[in-house]
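Scroll down for the structure; my scribbles are underneath it.
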Amino acid sequence: MGIHSVGTSDAALVRRVRTGDTGAYADLVARYRDRLGRYALHMLGNREDAEEVLQDAFVRAYRSLARCDDPERFGAWLYGILVNRCRTGGARAARRARRFVHDPAALETAPLAGPDGRAEWDDTVRWALARLPTESREAFLLKHVEELEYEDMARLTGAGISALKMRVKRAREQLQAMLKEAERV
Amino acid sequence: MFDPVDDLIERIARHLQRPVQIDPALDGRVMREITALPTPGGATALGRAWRWLRRRHQLTLTPLGGLAAAAALAVVVFLSRMDRTPSPAPRAESRAFQFVLVAPRATRISLVGDFNDWDATRTPMRRAGSEALWTAVVPLAPGRYHYAFLVDGSRWLADPSAPVARDEDYGAPSSVVTVGAGGGDS
């Protein structure tokens, strides 16, 4: 699993929290906030939703800390909770989008620019990522951005390795097609 | 060999791997929320139980053992009134529920669930009537609760008389009880 910690070990912090040192949990939150926040942000495409889901994941993890049976792998365990919360949060965000976006053509209006302009490239990548099906986006991010092994991805998502490989392959193909289309226009 | 697809994906991945800064105020919001929660302790016995549960086991049952296992039948009984106060503090609008487990060979049993933060020390069950019958009474407000029985500090049992729930975050089976606004259970 590509999740590591430095300084005081996760296991030591988890043990302190379990014995009543609530402040030690702040160290864990600070340690994983940005790393997990990046995944949530890319999955949900919206900072407000990402922070809400991230906060929910941290609180759920705290409530269930007694059930973290390998404190050395707290990061991976927490990651699993976040992946699940992002699925729920993503569905909620999609429902909200369906309620408020009434012009389908607006969704097709992509920022059309090449990778030379950093801001335009950022917009283009976000636009393409948001258009991927949720499962493909999840698989792509876990594989290519978080750089997890397929075995770890399977553990986190509950999907089979073959299915995950297929999702990653489709995501790559779709991203390539969308980016090429954007560069042409 | 240069592969334009790999190159494009690599550029996208590198772009998305740039550090993201989440508002550090989130730490404060999390800490404020968890300060109101009980310490997630009681982990020693419970952690062992979870580790045990998540390993593969081969069970061999003698005929007598099979009968005992078959006798491990649990029911959730709603009590509209009760005379004694259970260990967790009752919340507003909560009603008392009695959890019953038949387990003739157990020496100690704890009821654990969402309502006591899965803390094995908070709701010990007591023998009642027959030697085989264990009970605990818990006040529950309307809502949906996952729960299980922890037998002899190491054996984790879902309630055979209640719907089994697969926890979406942790993947282990437990039982679920839903308390309606009128106080009934399902």
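The values are calculated or read from the model by the stated rules, or taken from the named source; none is laboratory data. What you see is a predicted model, and the numbers here were worked out from it, not measured in a lab. All Cβ positions, glycine included, derive from the backbone under ideal geometry; neighbour counts span all protein chains shown.
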Worksheet item: What about A:ALA177, is it of a type outside the set (Asp, Glu), surrounded by fewer than 17 Cβ atoms within 10 Å (Cβ to Cβ), modelled with pLDDT of 90 or more and out of contact with any strand residue (DSSP E or B) (no Cβ under 6 Å at 6 or more places or on another chain)?
Response: yes
Discussion item. If I go through the range A:38-52 residue by residue, how many of them are among the aliphatic types (A, V, I, L, M) and within 17 Å of A:PRO133 (Cβ to Cβ)?
Written reply: 2
Discussion item. Within the range B:154-168, does at least one residue satisfy the condition of being touching a Pro at 6+ places or on another chain (Cβ under 9 Å), at pLDDT below 80 and farther than 26 Å from A:LEU65 by Cα?
Written reply: no
Worksheet item: Do you know which of the residues in the range B:8-34 that are at the interface with another protein chain (Cβ under 7 Å from one of its Cβ atoms) and charged (D, E, K, R) is surrounded by the most Cβ atoms within 10 Å (Cβ to Cβ)?
Response: B:ASP27
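A quick yes/no check of all residues on (1) over 18 Å from B:PHE115 (Cα atoms); (2) among the charged types (D, E, K, R); (3) modelled with pLDDT under 90:
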position: B:GLN17; (1), (2), (3): yes, no, no
position: B:ALA25; (1), (2), (3): yes, no, yes
position: B:ARG29; (1), (2), (3): yes, yes, yes
position: B:ALA36; (1), (2), (3): no, no, yes
position: B:THR39; (1), (2), (3): no, no, yes
position: B:LEU46; (1), (2), (3): no, no, yes
position: B:ARG55; (1), (2), (3): yes, yes, yes
position: B:LEU61; (1), (2), (3): yes, no, yes
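For the condition more than 7 Å from chain B (Cβ to nearest Cβ), more than 18 Å from B:PRO38 (Cα to Cα), modelled with pLDDT of 90 or more and in contact with a helix residue (DSSP H, G or I) (Cβ under 6 Å, 6 or more places away or on another chain), what is the one hit in A:LEU44, A:LEU28, A:LEU54? Show your work before the answer.
Values: A:LEU28 fails: more than 18 Å from B:PRO38 (Cα to Cα); A:LEU54 fails: more than 7 Å from chain B (Cβ to nearest Cβ).
On inspection, the qualifying residue turns out to be A:LEU44.
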Discussion item. Would you confirm, using the coordinates I've provided, whether A:ARG73 is more than 9 Å from chain B (Cβ to nearest Cβ), more than 12 Å from the chain's Cα centre (by Cα) and assigned to a helix (DSSP H, G or I)?
Written reply: yes
